[in-house]
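The values are calculated or read from the model by the stated rules, or taken from the named source; none is laboratory data. Computed from a prediction, not measured in an experiment: that's the story for all the values here. Backbone-built Cβ (ideal geometry, glycine too); neighbour counts: all protein chains shown. These area figures cover heavy atoms from the full protein model, side chains too; ligands, DNA and RNA do not enter into them. Shrake-Rupley method; radii C 1.70, N 1.55, O 1.52, S 1.80 Å.
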Amino acid sequence: MLGIDDDYEAPQQEDIAYFELDPDRLIIRSLADPNPYAQLLLDTSVAISRNRFETSAESFLANCYTQHDVEEKIGIFKQFVSHELPPLWKRFFDSLLLHCNPLRADHTNFQKYRIDPNNTELIQLLTTDAKLRQMVTRAEGYLLLVKKDDLKKFTDELKKHGYLL
């Protein structure tokens with residue numbers, strides 16, 4: 001009657017390319033001047049000229065503290081910079097994700113001891129006594145690691161040989 005329609009279709013937006021990714025190097029070229037998304041690149045890349053930006057692991061990981069931060073930054077990059085990634089860029093992002101959290105904290109709770117390198121008697125005891133060897137892990141720089149669970153047994157065994165911790 002009044003010509004009111006409940007269905008609404010948003011007008012098609014032009015698919016404007018604002019950036020171009022170099023397929024051989026981690027360089028991004030800004031195609032628009034002014035580019036409304038150029039500021040996004042400063043969080044992932046370093047400006048090497050007015051319209052070129054170089055990306056590296058260091059520049060991309062700036063302000064990232066967790067793997068989630070990296071994943072989020074990659075998502076934003078894909079959304080605003082380029083949906084289609086050349087193989088080099090895919091490998092770069094895969095590498096960044098692969099290198100997230102490569103070291104794990106050791107929560108086994110070791111007690112660390114440093115031995116005087118001149119105390120050859122104690123060193124010999126720790127290397128020859130079967131019970132002590134079983135409780136001790138030797139590390140570089142005359143360090144010994146003893147699991148905190150074994151600490152009482154370790155100190156008791158040392159007392160048997162005349163050493164007090």
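General remarks:
- Carbon-plus-sulfur accessible fraction, the chain (probe radius 1.4 Å, protein heavy atoms only): 50%.
- Cα-based shape type of the stretch 90-135, given that a ≥ b ≥ c are square roots of the gyration tensor eigenvalues and the cut on a/c is 1.5: prolate
- FRET efficiency, 1/(1 + (r/R0)^6) with R0 45 Å, evaluated for D33 and E72 via beta carbons: 0.95
- With all protein chains in place and ligands, DNA and RNA left out, the 1.4 Å accessible area ranks K73, K152, K131, K78 as K152, K131, K78, K73, largest first.
- Within the assembled protein chains, the solvent-accessible surface assigned to R133 is about 110 Å², based on a 1.4 Å probe.
- With a 1.4 Å probe rolled over the protein heavy atoms of all chains, the accessible area of Y65, Y113 falls in the order Y65, Y113, largest first.
- A straight line joining the Cα centroids of the stretch 29-45 and the stretch 73-130 runs 34 Å.
- In degrees, nearest ten, helix 87-98 long axis to first principal axis of the chain (Cα): 40 degrees
- Cα-centred dipole magnitude for the stretch 54-165, charges only on beta-carbon of K, R (+1) and D, E (-1), debye, nearest 20: 560 debye
- The angle separating the long axis of helix 67-80 from the principal Cα axis of greatest extent in the chain is about 20 degrees.
- More than 20 Å apart - percent of Cα-Cα pairs taken over the chain: 67 percent
- Computed over Cα pairs, the Kirkwood radius of the stretch 59-126 leads via Stokes-Einstein (1.002 mPa s, 20 °C) to a diffusion coefficient of 134 µm² per second.
- D_trans [Stokes-Einstein, Kirkwood Rh over alpha-carbon pairs] for the stretch 76-165, 20 °C, 1.002 mPa s, µm² s⁻¹: 126 µm²/s
- For the chain: accessible area per residue (Å², 1.4 Å): 76 Å²
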